[in-house]
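**Student:** I have a structure I would like to understand better, so I am pasting it below and will then ask my questions one at a time.
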Amino acid sequence: MLEQHASEAAFLWTQRARAVDAPHYRLKDLVRLDGRLEAHLDGLRTAGTKGWEKCLGALEAPGPGEVFVAMLIAGERHDGDHITELIKLALEDAAWQRALISALGWLPFARAVPVLEALLEEEHPAVRRLGLAGAAVQRWDAGPFLAPLLTSTDPALRACALETAGLLGRMDVLPEVQRALTDDDEACRFAAAWTLVRLGHRSGPAISLLRGFGDTPGPLARRALAMAMRCMPSGQARDWYSKLRESPEKYHLAAMAAGALGDAACVEDLLNWMALPWVARLAGEAFSFITGVDLPWEDLDGDAPEEEGEAESQEATSDTEGLPWPVAEKVAAWWRQHHGSFQRGTRYLAGRTLSEAGLLEVLRQGTQRQRAAAALEWGLRKPQSPLFEVRAAGHVQTRRLASWTS
């Protein structure tokens, strides 16, 4: 039974790690999945030493899920020696590091902070980065630990610190962040620009840098578009979208831009792109971002085309994973029936205007990607507050949203 608890907990965390960014998962689904995960974790906790031994035994053939479970239980047991061993193990694989950071975020806050402080006091840059990333997931402001890391000689740690400043709303470190706009490392420049814009610098070199990243197909394009489209003056944002839509090789960027912009004026383009295999799914997602329609629920999706023609670009692969294939004719018919509910020039997210009440509703009811967009919209209105974490444990998110409502 204990072996089953250990293996099922590891499996469910692996499933959850995909779910938090999946286009079809919602908060209620996350709460249900987290409940199953917690049930198996409780089985290990209740068994005490024997349960802990099963966690350690599972590390003989480690995977991300096994690292998560062992780190979480070690943190709850205040087992410093095994935490040190797990840190050494995690440094061997990026996926294991993500699992360890997730465990740091899952720990109750009071138990997490001493572990995070110990990691942030280490000399090894990679270990300090794990501690800083854990602080960011916990939305703990990291106190005096953050500022020195903004000028670390390690680029990965420096980039993590720059982004963490934005996630936590740390206005006090803005001068250091501004200087990083000319950093030699690309990831650091992006993180500095992203953080400055999130903290209120909506013009000048920061937004120009984000626009450069958004114009270039690559792993940072979606995040750059998501931030810049929401912060630029409306006229400039629409002009930028118009330029992106001029080039077929940038249709996938234009589709993501349309979803971030949220203007019903983009829908005709999206309907046209749904007939093009290499951009169809992103166009369908952008349509849902604007209108709120759930394509599978409304029977507006279908099978992947047998001959996709030009393959989806490599840059868009991670963005399209799990997205439904829209049937252009069905979606167009739905739009003809419902377009009167939407006004050109007004921004929407998941069918709702961008009022605080609308954003809260998306945070409660939207898909994970829509919820991330709502959290960003909310965070841009309240730059001094930590950004809402849509990947946190479901019960933690539910409690925070309930406190906001009350």
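The values are calculated or read from the model by the stated rules, or taken from the named source; none is laboratory data. Because the structure is a prediction, the values reported are computed rather than measured. Here Cβ is always computed from backbone atoms with ideal geometry, including for glycine, and neighbour counts include all displayed protein chains. Each accessible area value is taken on the protein alone, full model and side chains, heavy atoms only, with ligands, DNA and RNA left out. Shrake-Rupley method; radii C 1.70, N 1.55, O 1.52, S 1.80 Å.
**Student:** Is there a residue in the stretch 106-127 that is farther than 20 Å from residue 385 by Cα, touching a Ser or Thr at 6+ places or on another chain (Cβ under 8 Å) and surrounded by fewer than 24 Cβ atoms within 10 Å (Cβ to Cβ)?
**Tutor:** The answer is yes, given that some residue of the stretch 106-127 is farther than 20 Å from residue 385 by Cα, touching a Ser or Thr at 6+ places or on another chain (Cβ under 8 Å) and surrounded by fewer than 24 Cβ atoms within 10 Å (Cβ to Cβ).
**Student:** Could you check, for the stretch 141-152, whether at least one of its residues is farther than 24 Å from residue 97 by Cα and not in a helix (DSSP H, G or I)?
**Tutor:** no
**Student:** Restricting to the stretch 333-350, name every residue that is on the phi > 0 side of the Ramachandran plot and open to solvent by 40 Å² or more (accessible area, probe 1.4 Å). Steps first, please.
**Tutor:** Taking the stretch 333-350 first, the residues on the phi > 0 side of the Ramachandran plot are 345, 350.
Once the filter is applied, which keeps residues that are on the phi > 0 side of the Ramachandran plot and open to solvent by 40 Å² or more (accessible area, probe 1.4 Å), the stretch 333-350 yields only 345.
**Student:** Just checking, does the stretch 166-176 include any residue being surrounded by fewer than 20 Cβ atoms within 10 Å (Cβ to Cβ), small (Gly, Ala, Ser) and within 19 Å of residue 222 (Cβ to Cβ)?
**Tutor:** no
**Student:** Does residue 291 meet the test of being surrounded by 15 or more Cβ atoms within 10 Å (Cβ to Cβ), β-branched (Val, Ile, Thr) and touching a residue at least 60 places away in the same chain (Cβ under 8 Å)?
**Tutor:** For residue 291, the condition - surrounded by 15 or more Cβ atoms within 10 Å (Cβ to Cβ), β-branched (Val, Ile, Thr) and touching a residue at least 60 places away in the same chain (Cβ under 8 Å) - is met.
Conditions tested, residue by residue: (1) in contact with a Leu (Cβ under 7 Å, 6 or more places away or on another chain); (2) farther than 14 Å from residue 83 by Cα; (3) aromatic (Phe, Trp, Tyr).
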| position | (1), (2), (3) |
| --- | --- |
| 107 | yes, no, no |
| 110 | no, yes, no |
| 115 | yes, no, no |
| 121 | no, yes, no |
| 135 | yes, yes, no |
| 141 | yes, yes, no |
| 145 | yes, yes, yes |
| 148 | no, yes, no |
| 152 | no, yes, no |
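**Student:** When both residues are 6+ apart or on different chains and their Cβ atoms are under 8 Å apart, which pairs have a first residue that lies in the stretch 354-383 and is touching a residue at least 40 places away in the same chain (Cβ under 8 Å), and a second that is among the polar types (S, T, N, Q) and not in a helix (DSSP H, G or I)?
**Tutor:** These pairs meet every condition: 379/385.
**Student:** Select from the stretch 1-38 the residues that are open to solvent by 60 Å² or more (accessible area, probe 1.4 Å), more than 18 Å from the chain's Cα centre (by Cα) and within 30 Å of residue 361 (Cα to Cα) and list them in ascending order.
**Tutor:** Listed by number, the residues that qualify are 32, 36.
**Student:** Out of all the residues in the stretch 163-202, which are closer than 20 Å to residue 233 by Cβ, assigned to a loop (DSSP other than H, G, I, E, B) and modelled with pLDDT of 95 or more?
**Tutor:** To start, the set of residues in the stretch 163-202 that are closer than 20 Å to residue 233 by Cβ comprises 193-194, 196-202.
Narrowing further to those that are assigned to a loop (DSSP other than H, G, I, E, B): 199-202.
Passing the criteria: only 199.
**Student:** Anything in the stretch 81-94 that is hydrophobic (A, V, I, L, M, F, W, C) and open to solvent by 30 Å² or more (accessible area, probe 1.4 Å)? List them, or say none. Step through it out loud before you land on a result.
**Tutor:** As a first pass, look at the stretch 81-94 and keep what is hydrophobic (A, V, I, L, M, F, W, C): 83, 86-87, 89-91, 94.
Answer for the stretch 81-94, where residues must be hydrophobic (A, V, I, L, M, F, W, C) and open to solvent by 30 Å² or more (accessible area, probe 1.4 Å): 89, 91, 94.
**Student:** Could you please find all residues in the stretch 23-47 being under 28 Å from residue 325 (Cα atoms) and among the acidic types (Asp, Glu)? If you could, list the steps in order and put the result at the bottom.
**Tutor:** Of all residues in the stretch 23-47, those under 28 Å from residue 325 (Cα atoms) come to 23-33.
Listed by number, the list holds a single entry, 29.
**Student:** Every residue in the stretch 182-198 that is open to solvent by 10 Å² or more (accessible area, probe 1.4 Å) and closer than 15 Å to residue 377 by Cα, please.
**Tutor:** Residues of the stretch 182-198 that are open to solvent by 10 Å² or more (accessible area, probe 1.4 Å), as a first pass: 182-187, 189, 194.
Result: 194, single match.
**Student:** Select the helices (runs of 4 or more DSSP H) contained entirely in the stretch 319-406, then report the ones holding at least 2 residues which are touching a Lys or Arg at 6+ places or on another chain (Cβ under 9 Å) and more than 17 Å from residue 21 (Cβ to Cβ).
**Tutor:** Numbers: elements: 328-338, 356-365, 368-381, 394-405.
Filter on the stretch 319-406 gives 356-365, 368-381, 394-405.
**Student:** Name the residue that is most open to solvent (accessible area, probe 1.4 Å), counting only residues in the stretch 216-229 that are modelled with pLDDT under 95 and closer than 15 Å to residue 243 by Cα.
**Tutor:** Taking the candidates together, the pick is 216.
**Student:** So is residue 249 assigned to a loop (DSSP other than H, G, I, E, B), surrounded by fewer than 20 Cβ atoms within 10 Å (Cβ to Cβ) and more than 20 Å from the chain's Cα centre (by Cα) or not? So that I can check it myself, show each step before the final result.
**Tutor:** Details: assigned to a loop (DSSP other than H, G, I, E, B): no; surrounded by fewer than 20 Cβ atoms within 10 Å (Cβ to Cβ): yes; more than 20 Å from the chain's Cα centre (by Cα): yes.
No.
**Student:** Against the definition (over 23 Å from residue 327 (Cβ atoms) and either in contact (Cβ under 8 Å) with a residue 12 or more places away in the chain or not acidic (Asp, Glu) (or both)), how does residue 209 come out, yes or no?
**Tutor:** For residue 209, the condition - over 23 Å from residue 327 (Cβ atoms) and either in contact (Cβ under 8 Å) with a residue 12 or more places away in the chain or not acidic (Asp, Glu) (or both) - is met.
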